[in-house]
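What follows is a short report on a single structure.
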Amino acid sequence: MMALVMPLFAAAIVLFGLIRRVAVFDVFIRGAKEGLQALAGIAPTLIGLLFAVGLLRASGAADALCTFVAPAAERLGFPPEIIPMALLRPVSGSGSTALLLSVFDECGPDSFAGQVASVLAGASETTFYAITLYFGAIRVKHIRHTMLAAIAADLTAWVMSVVTVRLFFF
């Protein structure tokens, strides 16, 4: 049944367009061109972000940052196993999901670290990626206040994921 949802949705759109006498294919081509133009405007920013993340990981700077942050995080009750995921989450959703799965493999999904990682994954956003994508699309250059608010939201998600798991599960 689920395999039919998208084809039926596409067929409904085409049928609706034909009923309203819209040149469906021409409108589709125009939309595809606009999408490619938007992609061309966003791509350099995304490539720069992905390059920076790759550079941080390959240089060992990400591991050094995790090692530097771990003692303070442990004193605050934050599981050290999820520090890499917490630091990568604002940048990469798929990367942080891979680290979430590694926390599950290492600690178990029902462990304190697994539960905190799960709550953090659901309660946080890929803020730097979203800022890069959306502000890059509309060519906003001054993002200081947005960046501060995003970092505050990420820190709040880190703290509240620990508090929530301690309050409801441990």
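Just so it is clear, none of the values below were taken in a lab; they were calculated from the coordinates. Worth saying up front: this structure is predicted, and the values here are computed from it rather than measured. A quick note on method: Cβ atoms are made from the backbone with ideal geometry, for glycine too, and the neighbour counts reach across all protein chains shown.
Couple of notes before you dig in:
- Gain in span if fully extended, Val69 to Arg30, counting 0.36 nm per residue against the direct Cα distance: 9.1 nm
- Charged side chains reduced to their Cβ positions (Lys and Arg at +1, Asp and Glu at -1) give region 55-170 a dipole of some 580 debye around its Cα centre.
- Spin-label model distance (nm) - Met2 vs Met147, 7 Å beyond Cα toward Cβ: 4.0 nm
- Across every pair of non-identical alpha carbons in the chain, the mean reciprocal distance, once inverted, gives a Kirkwood radius of 19.0 Å.
- Note on the chain: GNM, Cα springs under 10 Å; of Val103, Val91, Val22, the largest mean-square fluctuation is that of Val22.
- A Förster distance of 22 Å, applied to the separation of the beta-carbon atoms of Arg139 and Leu50, puts the FRET efficiency at 0.70.
- Between the alpha-carbon centres of region 94-117 and region 57-84 there is a gap of 15 Å.
- Per residue, the average separation of C-alpha pairs within less than 8 Å and at least 6 apart gives the chain a relative contact order of 20 percent.
- Taking the helices alone, the chain has a mean residue ellipticity at 222 nm of -26500 deg cm²/dmol, built from -39,500 (n - 2.57) per DSSP H run of at least 4 residues and averaged over all its residues.
- Taking Leu99, Leu133, Leu76 in turn, the Gaussian network model of the chain (Cα-Cα springs below 10 Å) assigns the largest fluctuation to Leu76.
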